[in-house]
Every structure is written in C-alpha cells, then in structure tokens.
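**Q** Quick one: structure below, then a few questions.
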Amino acid sequence: MAPKKVLAVVLAGGEGKRLMPLTADRAKPAVPFAGSYRLIDFALSNLVNSGYLQIVVLTQYKSHSLDRHISETWRMSTQLQQYIASVPAQQRRGKSWFLGSANAIYQSLNLIHDAQPDIVVVIGADHVYRMDFEQMVDAHVKSGASVSVAAVRQPMNLVDQFGVIEVDQDNPGRIKAFVEKPATTPGLPDDPNSFLASMGNYVFTREALLQALEDDAARLDTKHDMGGDIIPYFVERNDAAVYDFTTNDIPGATDRDRQYWRDVGTMDSYYDANMDLISPLPLFNLYNLQWPIYTRQSVSPPAKFVRSASGRSGEAHDSIVSAGVVVSGGAVQTSILATDVFIDEAAEVTGSVLLDKVTVGRGAVVRRAIIDKNVRIPEGAQIGVDAELDRRRGFSVTDSGLTIVSKGQVVAPS
C-alpha cells in the first residue's frame with residue numbers, strides 16, 4: 001500500500017487567558033518554556049520527528065512573537081516541498097475572525113484543498129510531550145474510522161479541565177461518548193479514580209473532515225469547536241476511534257517519561273511542568289537526542305559561574321541554566337534560568353522560573369516565582385517571600401502561593 005499523504009494543522013490561535021499575565025503580550029503557544037524553548041516547539045518537533053514535513057500553523061491572538069519564532073526557527077526545504085507555514089486569520093469565509101478551533105480550520109480550507117492530503121493531522125500547540133504521529137496515523141487507517149482521537153489517562157479531580165472520552169465496552173476501540181469538560185464522568189473499569197482525557201490530537205480522513213466542517217458551519221447551535229462539536233459529530237455516527245497514548249513508542253524513552261503529557265493551561269500547571277525537568281531523573285527528559293525537541297539557537301555566549309568582587313562563589317544546583325546566564329556570587333537552587341539572566345552577589349533564587357534577560361540584584365531573594373522577561377529585581381528586593389506584599393505591589397499570586405511578575409514590570413526596592 002502506498003504511504004498516505006499527510007498534512008498537519010497546528011491550532012495556535014488561543015488566547016490562553018488562564019496563563020495571564022504570561023499571555024498578556026504573546027500567544028499561548030509562544031510562551032517560553034524550559035529556558036530555551038517555546039511551547040509550540042514540542043508540537044512541531046513531534047510532527048517533524050514523525051516525518052510529517054508539510055505543516056500549517058493557524059494563528060490569531062497577539063501572534064507577532066509566535067510568527068517570528070516560527071519564521072526564524074522552523075525553516076524547511078521548499079525545494080523538497082517541505083514547509084511550516086504560519087497562517088493568520090484571513091476572513092476567507094466571511095467577515096469574522098476565528099469563531100472557534102473548528103471554524104479556524106473551516107476558514108482555512110484552502111490550505112487543505114491546495115495540499116490534497118489523504119490524512120489531516122490536527123493538534124494543539126501548547127502541550128508538553130513526545131509522540132510519534134506516524135504510529136497514530138497507522139492505527140487510524142487500520143481502524144477504518146473517519147477520525148481518531150488520542151487519549152491519555154488523567155486523575156478524576158481534573159475531569160472538568162479536559163474533553164472526556166468514554167469508550168464502547170463491547171468495542172473499546174470506538175468512542176461511545178465525548179464530553180467537553182464535564183463536571184463528572186464514570187471512572188475507568190480498571191481504575192475508578194481515572195478517566196480518559198482527549199489530548200487535543202486528532203487524525204482525520206480528509207473527505208470526512210471537510211464534510212464535518214461544512215455541516216458545522218451551516219449550523220446555528222454550535223460553538224465551532226473541535227472537541228465540543230466536531231468530535232461529537234463523528235461519535236454520534238459511531239465513526240470515531242480512540243488512540244491509546246500508552247501504546248506510542250518513542251525511541252530513547254524511559255519508563256519514567258514514556259507516557260509524560262502535560263497541559264500547561266494554568267500558571268500552576270506551567271510552573272509544575274517546568275519543575276518536572278530539573279531532577280536528576282526528570283519526569284520529562286529533554287536530553288533524549290533520539291527524539292530531539294528543536295528550537296531557535298541562541299547567539300548568546302555560554303553560561304558562566306564566577307566569583308563576585310568580594311570572592312563569593314556563584315553556584316547553581318538542580319537547575320537548568322541557559323546560554324548567556326551569568327551567576328556572579330549568587331546562589332540558584334531548583335530553578336530554571338532562561339537566556340541572558342544575571343544573578344548578582346548574595347542573591348538567592350529558589351524554586352523559580354526566570355525568563356530571558358531577567359536581572360536579580362545584589363542580595364535579592366526570589367522564591368517560588370515566575371519572572372517574565374526583561375524584569376530587573378533591585379538590590380535587596382524580595383519576591384515570593386510575602387504573598388500579601390506581592391499582591392500589594394501588583395504582582396499576580398495564585399491560590400497555591402506562586403508569584404508571577406509580568407514582562408517588563410517594575411519592581412520597587414524593598
């Protein structure tokens with residue numbers, strides 16, 4: 001059998017309200033992650049590593065930094081008909097912007113008509129994981145269904161945050177019900193405390209997807225959402241298959257990180273996913289070079305740890321330190337330092353995520369905080385030590401006590 005021609009569509013137009021203030025000035029897929037990456041790098045790396053090299057990225061909300069990152073980083077060989085194209089909302093099907101994820105694809109049907117694929121892979125741009133989509137496409141073709149939905153097990157307390165998949169007990173490869181973010185759902189037969197969550201990754205047979213999008217566009221009782229409308233459309237016709245993420249085999253994966261998948265939709269989940277990376281045996285291994293995560297390569301010099309003028313050593317433990325970082329007599333513990341961060345003498349950074357070009361002044365203290373780019377923390381200032389003080393200074397503080405300082409926000413001396 002001849003290999004199927006595949007077009008990949010990455011949905012990257014989301015506003016990411018729950019990731020405010022990190023999304024105040026950028027699209028959610030452009031949010032920096034793990035020191036050197038953007039969230040979208042994980043989706044694009046998985047597609048490229050799977051051998052799918054015709055990719056369109058649908059953008060909308062504050063997309064400048066995302067568009068720039070894609071154009072500077074993801075350059076393919078056009079001579080070999082390879083491309084990763086950033087495509088903004090174009091109002092091709094009326095005068096509205098994207099009305100939902102399904103409408104985003106509907107308004108961009110020209111891309112599918114031009115590419116003429118047999119299979120359309122549709123994925124989100126804001127999850128952290130490794131996945132071989134070729135294996136999912138093969139399983140989809142064998143299933144005979146019009147759509148396959150990738151599923152991952154999640155604890156029951158997260159049921160209202162995901163699209164929930166219920167399978168047919170007599171035919172466990174078929175989806176019996178698909179409910180978007182319900183209040184409750186039955187547990188799995190072998191684990192009542194877990195449920196199957198949609199990963200937001202779909203594989204469609206082209207003609208079936210085109211018909212579903214046309215039917216959805218003609219309806220008035222729809223939110224034009226992939227999970228809320230398009231997948232139930234196929235479930236009602238008993239034409240939706242489930243793909244078990246646990247069967248996906250990645251070269252170089254370990255038992256510890258083989259089934260790792262994180263939705264970084266909130267500030268706390270974003271922070272936790274960063275912290276997953278820094279243990280000696282991390283929950284997600286960035287160093288698996290058999291399935292690399294690609295990103296833009298910095299032109300900054302190597303990181304360095306130096307003594308301060310008074311002779312105090314600069315040091316970092318259990319941390320990720322990116323290019324251009326200078327730790328001059330400061331101390332860093334269980335943290336992630338992005339490009340060109342500077343830590344001054346006697347400064348202490350613990351359990352924190354610092355984005356590009358953050359400066360931590362002499363004797364300053366940063367604990368369990370996320371500091372967005374270009375923030376200058378003055379000498380002696382404290383962040384993440386007193387939650388009420390942080391709130392009074394205009395910083396965001398989550399219910400768990402995580403402090404977030406916005407991009408370029410001024411931090412007054414203590």
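**Q** Restricting attention to the stretch 67-76, and to residues there that are out of contact with any Lys or Arg (no Cβ under 7 Å at 6 or more places or on another chain) and in contact (Cβ under 8 Å) with a residue 12 or more places away in the chain, which single residue is most open to solvent (accessible area, probe 1.4 Å)?
**A** In this case the residue turns out to be SER71.
This table checks each residue for (1) assigned to a loop (DSSP other than H, G, I, E, B); (2) not hydrophobic (A, V, I, L, M, F, W, C).
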residue: TYR52; (1), (2): yes, yes
residue: ILE55; (1), (2): no, no
residue: ASP67; (1), (2): no, yes
residue: ALA85; (1), (2): no, no
residue: SER96; (1), (2): yes, yes
residue: ALA102; (1), (2): no, no
residue: LEU111; (1), (2): no, no
residue: ILE123; (1), (2): no, no
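**Q** While we're on this one: Sort out for me the strands (runs of 3 or more DSSP E) sitting completely within the stretch 144-202 that have 3 or more residues that are hydrophobic (A, V, I, L, M, F, W, C) and over 14 Å from THR246 (Cβ atoms).
**A** Answer list for the stretch 144-202: 171-180.
**Q** As an exercise: evaluate LYS407 against (1) of a type in the set (Lys, Arg); (2) assigned to a loop (DSSP other than H, G, I, E, B); (3) free of Cβ contacts under 8 Å to residues at least 40 places away in the same chain and give the number of the one condition it does not meet.
**A** Among (1) of a type in the set (Lys, Arg); (2) assigned to a loop (DSSP other than H, G, I, E, B); (3) free of Cβ contacts under 8 Å to residues at least 40 places away in the same chain, the lone unmet condition for LYS407 is (3).
**Q** With respect to ASP399, is the statement that it is open to solvent by 60 Å² or more (accessible area, probe 1.4 Å), under 30 Å from the mean Cα position of the chain (by Cα) and closer than 21 Å to SER269 by Cβ true?
**A** yes
**Q** Of everything in the stretch 37-56, what is among the small types (Gly, Ala, Ser) and open to solvent by less than 20 Å² (accessible area, probe 1.4 Å)? Give them in sequence order.
**A** Residues satisfying the conditions are ALA43, SER45, SER50.
For (1) more than 25 Å from GLY265 (Cα to Cα); (2) touching a strand residue (DSSP E or B) at 6+ places or on another chain (Cβ under 8 Å), each residue gets a yes or a no:
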residue	(1), (2)
VAL9	no, yes
TYR37	no, no
VAL57	no, yes
SER86	no, yes
GLN91	yes, no
PHE98	no, yes
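**Q** Looking at the stretch 180-189, can you tell me whether even one residue there is without any contact (Cβ under 8 Å) to a residue 60 or more places away in the chain, under 30 Å from ASP118 (Cβ atoms), touching a strand residue (DSSP E or B) at 6+ places or on another chain (Cβ under 6 Å) and open to solvent by 30 Å² or more (accessible area, probe 1.4 Å)?
**A** For the stretch 180-189, residues without any contact (Cβ under 8 Å) to a residue 60 or more places away in the chain, under 30 Å from ASP118 (Cβ atoms), touching a strand residue (DSSP E or B) at 6+ places or on another chain (Cβ under 6 Å) and open to solvent by 30 Å² or more (accessible area, probe 1.4 Å): present.
**Q** Something else about it: Taking the conditions exactly as written (open to solvent by 30 Å² or more (accessible area, probe 1.4 Å), over 19 Å from LEU286 (Cβ atoms) and not in a loop (DSSP other than H, G, I, E, B)), does ASP268 satisfy them or not?
**A** Answer is yes for this residue.
**Q** Let me ask something else. Can you tell me which residue among ASN288, ASN248 is closer than 18 Å to GLU134 by Cα, open to solvent by less than 20 Å² (accessible area, probe 1.4 Å) and not hydrophobic (A, V, I, L, M, F, W, C)?
**A** From the options ASN288, ASN248, the qualifying one is ASN248.
**Q** With ASN157, ASN171 as the choices, which residue is under 23 Å from the mean Cα position of the chain (by Cα) and free of Cβ contacts under 8 Å to residues at least 12 places away in the same chain?
**A** ASN157
**Q** Continuing with the same structure: Please name all residue pairs, on different chains or six or more residues apart, with Cβ atoms under 7 Å, provided the first residue is in the stretch 43-57 and is more than 13 Å from ALA115 (Cα to Cα) and the second residue is modelled with pLDDT under 95 and in a helix (DSSP H, G or I).
**A** From the stretch 43-57, the pairs are VAL57/ILE70.
**Q** Kindly list the number of the only condition in (1) hydroxyl-bearing (Ser, Thr, Tyr); (2) open to solvent by 40 Å² or more (accessible area, probe 1.4 Å); (3) under 20 Å from the mean Cα position of the chain (by Cα) that fails for THR59.
**A** Among (1) hydroxyl-bearing (Ser, Thr, Tyr); (2) open to solvent by 40 Å² or more (accessible area, probe 1.4 Å); (3) under 20 Å from the mean Cα position of the chain (by Cα), THR59 violates only (2).
**Q** Hey, another quick one. Name the one entry in ALA253, ALA212 that is in contact with a strand residue (DSSP E or B) (Cβ under 9 Å, 6 or more places away or on another chain) and either buried (at least 18 other Cβ atoms within 10 Å of the Cβ) or in contact (Cβ under 8 Å) with a residue 40 or more places away in the chain (or both).
**A** When all the criteria are applied, what remains is ALA212.
The values are calculated or read from the model by the stated rules, or taken from the named source; none is laboratory data. If you're wondering where the values come from, they're calculated on a predicted model, not measured in any experiment. Cβ coordinates were reconstructed from backbone atoms using ideal geometry, including for glycine residues, and neighbour counts include every protein chain displayed. For accessibility, only protein heavy atoms count, side chains too; no ligands or nucleic acids. Shrake-Rupley method; radii C 1.70, N 1.55, O 1.52, S 1.80 Å.
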